[in-house]
């Protein structure tokens, strides 16, 4: 009965009409604000609904991490919002792919309403075409707020904040003598480093004074050397995370912090502090220029009736109006982009807001062209290398430039899909013929009834699983033959596969080459699964002892690592492996050993990842083993004991063989899951050092999400991973079958 | 248990003091390792402010309940908790019910296509999800299953069912066929045997698959946040992930939320564990 209903539901579902954009119905607004910022936005929207315009608006708050992918899925299907609030960084890509609509400046209150530099980042030209060979830039979003970093300092440690980097270094020597870190900030992140980078005269897309550009420029190298000097003199702590910055500042162990307005929520009560603009770089006389990012309101690019677009525009106009900007500034403490709002006393008298407004004069608006998204990875790589002491400024610059060229992959030439279509059609026909032959053979053998019975029993599970997997799987496989750029797909044949298998711009045994990553992945999978099974089985056997007391207590305690969301526990493990403040080095030092710099070395970083994943994964295997152990009849142990078998012999000859049938599935699937499980690597070592602990799937994710949305290339990675695992599983299923008729 | 204990390694007699003690020592050590990182979660949840504790002391100095109060008092918390329970509970039932029949057929019938189908279940887990999101979204949209908890349950089931089927099949294989053959001779049909004879014996494996299926759905947020357009349909992990911002995470609230979301898992496990140690050999041995 369930089967019939399910099939019916699917059949009806397939013919359901696509959602139509309605003229009426409330406007939909998506955002990812929280706390006071969210409250201010909601109040603004409520006031909009009450105003003469009187349009109902639905507001939906979405986790920041899911917002971009949700927008990209929903907007082309007509399920997206009318208006959404997002950082400006994707304007280049989304304007080309049609996810957002170009705005008429007059419809959102005129360009004069905003600070000029907040508009710059929101402009982009449409791709050139035959009709318009040289398109003029257009405005794609309405700036709401701007953000940048500035210098926070403890007023009980510093009277006047340093105005130049020389003053900073002088002050540093003094503070260091008192065992206080002069400065704490995320030095390994290019976002934070950018202030020094531009202060030293570095450029990203324009040629600098020497005609160089990007990471190879003199300014870039000088800025890297400056950071290396900060690290060498121990003016900044090592392996800095956001949590460490807050903790050092709150505990009076760091005097200054470079951070953005979001840091306000992390400063503990009772800490005396103030904000100042970042110092001027003494060597160049230029101010340190942090990135300026813009949060803007965008109107969805999905085809929508003109009246609806007009209502969306009036909502955006409302949100950017001085009155609503003042509300956001006063209640949400946001740095609003509407100029006239700053005439308000409440905003002007707010020392925090005023300090960031002052910093705005010396910021660098972050570029919105898609190429900007290729800057972060090389920048972070260079800084991490530098801070580990592996190289100097010049070496870091070379490393960054090399990575930048490796990931700025030119689009492969278009190729003809015809041979592939013929091949695919041939394969499909072959498959159909194979199935048909199989059915005929079954009929001839008179097994038709048996087959029907078997398939009826497995149908509910089969239907549910395959429909939702097979279709996306086939689509994914097909995508591997296409290149994606700004919403356009070009057929490129096997070009992606060729690039990946020839290791592209990397040496064969260098991190990020397919073969090196494969080696690490196999090692990662083997070690993890072995540990999960060994620890899980061992604990399960202990817990299975008939006379053991307190079993329920142990069982519940031991499953905790599985029960608590791993996003937080993985980061806590990362903290435990911290070189200076981690509990693990604390223990080593307690034993009289030297602390280890866990993430500067491939072996130790891999070890840290494995520890975390073993801790996260053993409870699952323990539960599986506990269940499986119940299938072993106890009288077998008695018989073995009567025969005088030792504990180990009983384990080896009774427990293990009888456990096999129930354990094999968990091991097989454990291998598949671990092979593709990159989030622990991402959270703990983050691939350090130099991506040498990254596994295959990490690369696929980077190409799909961090490097210009190269979905086709990512799909090719996924397809190769599939082929590898397929080959492995066919072999191991056969082996298991031959060995013991398990299947 | 007939007077013979696994503890002694010999015949009869009471286990020695040491044989009774060492398993406790190991289990206590393992429990400490399991608990130690979680103490920081608890500390972060109970300390004022939103910073993730970075100092080596795992015990809180100032205790506040504000984060727990902020979570449970937040708009929609109880709706999200309800949604999470519905989705995870339904995934658990779909996972267990659909896979038991399939697993039984795989274990007992040698029907044509069996090997292909069994391998097919494994294959569904192999393709990395990285490029499947947008096709899956379109598929659910076409089927009218976006914005519905049912759609989410079906998606989660694609992970829950293959594992459960394989796990249960392995377990069914260990149950002697003689029991069923006797019942068949007595004139019982397959369904009756399946429900009356086999399922009760497979309780430990059912408990494992139930817990696993529940967990597949319980902590997932990316798909849930992408497929639902209505805040009324969000699940707890979606709400929890909202505390993670682009630049800054509200760790106090996140930790409190993480602890709250793990409580139902513990409760479920506690309820299931008596079945984990029952089954085929339950006679005479109590856990």
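The values are calculated or read from the model by the stated rules, or taken from the named source; none is laboratory data. All values reported here derive from a predicted model rather than from experimental measurement. Heads up, the Cβs are rebuilt from the backbone with ideal geometry, glycines too, and the neighbour counts pull from every protein chain shown.
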Practice task
Take the residues in segment A:439-485 that are buried (at least 16 other Cβ atoms within 10 Å of the Cβ) and outside any helix (DSSP H, G or I), then tell me which one is nearest to the other protein chains (Cβ to nearest Cβ).
Solution key: A:447
Exercise for the section: Return a yes/no flag: does segment A:339-348 have any residue that is in contact (Cβ under 8 Å) with a residue 60 or more places away in the chain and within 15 Å of residue A:113 (Cβ to Cβ). Expected result: yes
Practice task
Identify all residues within segment A:357-414 that are within 20 Å of residue A:198 (Cβ to Cβ), part of a loop (DSSP other than H, G, I, E, B) and under 22 Å from the mean Cα position of the chain (by Cα); write none if there are none.
Solution key: A:366, A:367, A:368, A:369, A:375
Handout entry: Single residue of B:94, B:153, B:130 found to be assigned to a helix (DSSP H, G or I), within 8 Å of chain A (Cβ to nearest Cβ) and touching a residue at least 60 places away in the same chain (Cβ under 8 Å)
Key = B:94
Fill in the blank from the handout: Of the residues in segment B:196-210, those that are surrounded by fewer than 20 Cβ atoms within 10 Å (Cβ to Cβ) and either in contact with a strand residue (DSSP E or B) (Cβ under 8 Å, 6 or more places away or on another chain) or within 13 Å of chain A (Cβ to nearest Cβ) (or both) come to B:200
Problem - Output for segment A:258-279, where each listed residue is touching a helix residue (DSSP H, G or I) at 6+ places or on another chain (Cβ under 8 Å) and closer than 24 Å to residue A:387 by Cβ - result: A:258, A:259, A:263, A:266, A:278, A:279
Problem - Top-ranked residue of segment A:633-665 - restricted to ones that are in contact with a helix residue (DSSP H, G or I) (Cβ under 8 Å, 6 or more places away or on another chain) and not in a helix (DSSP H, G or I), ranked as nearest to residue A:618 (Cα to Cα) - result: A:633
Practice task
Take segment A:707-738 and flag every residue that is surrounded by fewer than 15 Cβ atoms within 10 Å (Cβ to Cβ) and either within 8 Å of chain B (Cβ to nearest Cβ) or over 16 Å from residue A:478 (Cα atoms) (or both).
Solution key: A:727, A:730, A:731, A:734, A:735, A:737, A:738
Practice task
Kindly indicate whether residue A:22 is away from every other protein chain (no Cβ under 12 Å), surrounded by fewer than 15 Cβ atoms within 10 Å (Cβ to Cβ) and at pLDDT below 85.
Solution key: yes
Practice task
Considering only segment A:392-438, state which residues are farther than 30 Å from residue A:229 by Cβ, surrounded by 14 or more Cβ atoms within 10 Å (Cβ to Cβ), in contact (Cβ under 8 Å) with a residue 12 or more places away in the chain and out of contact with any helix residue (DSSP H, G or I) (no Cβ under 6 Å at 6 or more places or on another chain).
Solution key: A:409, A:411, A:415, A:417, A:420
Problem - Check on residue B:192, out of contact with any helix residue (DSSP H, G or I) (no Cβ under 7 Å at 6 or more places or on another chain), more than 7 Å from chain A (Cβ to nearest Cβ) and farther than 30 Å from residue A:76 by Cα - result: yes
Practice task
Return a yes/no flag: does segment A:120-131 have any residue that is modelled with pLDDT of 90 or more and buried (at least 20 other Cβ atoms within 10 Å of the Cβ).
Solution key: yes
Practice task
Report yes if some residue within segment A:185-192 is at positive phi, within 14 Å of chain B (Cβ to nearest Cβ) and crowded, with 23+ Cβ neighbours inside 10 Å; otherwise report no.
Solution key: no
Exercise for the section: Would you mind finding the one in A:243, A:194 that is out of contact with any strand residue (DSSP E or B) (no Cβ under 7 Å at 6 or more places or on another chain) and either modelled with pLDDT under 90 or within 21 Å of residue A:405 (Cα to Cα) (or both)? Expected result: A:243
Problem - Residue list for segment B:233-274, restricted to those being more than 19 Å from residue B:68 (Cβ to Cβ), modelled with pLDDT of 90 or more and surrounded by fewer than 23 Cβ atoms within 10 Å (Cβ to Cβ) - result: B:233, B:268
Practice task
For residue B:86, state whether it is assigned to a helix (DSSP H, G or I) and either touching a strand residue (DSSP E or B) at 6+ places or on another chain (Cβ under 6 Å) or under 22 Å from residue A:561 (Cβ atoms) (or both).
Solution key: no
Exercise for the section: Test each condition in (1) within 14 Å of another protein chain (Cβ to nearest Cβ); (2) buried (at least 23 other Cβ atoms within 10 Å of the Cβ) for residue A:224 and report the one that comes out false. Expected result: (1)
Problem - helices (runs of 4 or more DSSP H) within segment A:518-602 that include 3 or more residues facing chain B (nearest Cβ under 8 Å) and either surrounded by fewer than 20 Cβ atoms within 10 Å (Cβ to Cβ) or free of Cβ contacts under 8 Å to residues at least 40 places away in the same chain (or both) - result: A:551-558, A:566-576
Exercise for the section: Quick one: count up the residues across segment A:247-257 that are out of contact with any helix residue (DSSP H, G or I) (no Cβ under 6 Å at 6 or more places or on another chain) and either in a strand (DSSP E or B) or farther than 25 Å from residue B:43 by Cα (or both). Expected result: 1
